[in-house]
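Novice: Pasting a structure here, questions to come.
Values in this text are rule-based calculations from the coordinates and carry no lab data. Being a predicted model, the structure only gives us computed values, none of them experimental. All Cβ positions, even for glycine, are placed from backbone atoms using ideal geometry, and neighbour counts span all protein chains on display.
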Amino acid sequence: MLIERKSMFTGKINVMDLDVTYDELERWRDGELIQKVFPHLTTDEREFLMTGTTPEEWEKFNKDDYNEAEGDF
């Protein structure tokens, strides 16, 4: 299923094709733990569901955060 989420870092709408059902999404939205509802998804895929952030955005954010901490922009 194609899932659209707004990235918490960029505000951009990202889309990811995930192996999820409407029933699973409802269970998660109703408060069930994401790792219990979606054990078949990768950590990156579950993170995307929660934050809309892609693995590429996480990598860039972490790299920029590291460079800023080191004073290297």
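Novice: For the chain, the longest stretch holding no GluC sites (Glu not before Pro) located in a DSSP loop with at most 14 other Cβ atoms within 10 Å is which?
Specialist: Values: sites that count: Glu32, Glu70.
Maximal segment without exposed cleavage sites: 33-69.
Novice: Run the helix sum for the chain: -39,500 (n - 2.57) per DSSP H stretch of 4+ residues, divided by residue count, reported at 222 nm to the nearest 500 deg cm²/dmol. Could the numbers behind the result be given before it?
Specialist: Numbers: 4 runs with 36 residues, N = 73.
Roughly -14000 deg cm²/dmol at 222 nm, from the helical runs in the chain.
Novice: Let me ask you something else. Which option, (1) 12.1, 36; (2) 16.1, 54; (3) 14.4, 47, is the value of Rg and Dmax of the Cα atoms in Å that was calculated from these coordinates?
Specialist: (3)
Novice: Here is a further query. Which length gain, in nm to one decimal place, applies between Glu4 and Asp23 when the Cα-Cα distance is subtracted from 0.36 nm times their residue separation? Kindly include the intermediate steps, with their values, before the conclusion.
Specialist: Working: separation 19, 0.36 × 19 = 6.84 nm, distance 1.68 nm.
Gain on stretching Glu4 to Asp23: 5.2 nm.
Novice: Sticking with this structure for a sec: In nanometres, what is the gap between the two model label sites at Ile13 and Asp30, each 7 Å from Cα along Cα-to-Cβ?
Specialist: Output for this residue pair reads 2.8 nm.
Novice: Using the basic label-point model (7 angstrom from Cα toward the beta carbon), what is the Trp58 to Asp44 distance in nanometres?
Specialist: A separation of 0.8 nm, rounded to one decimal place.
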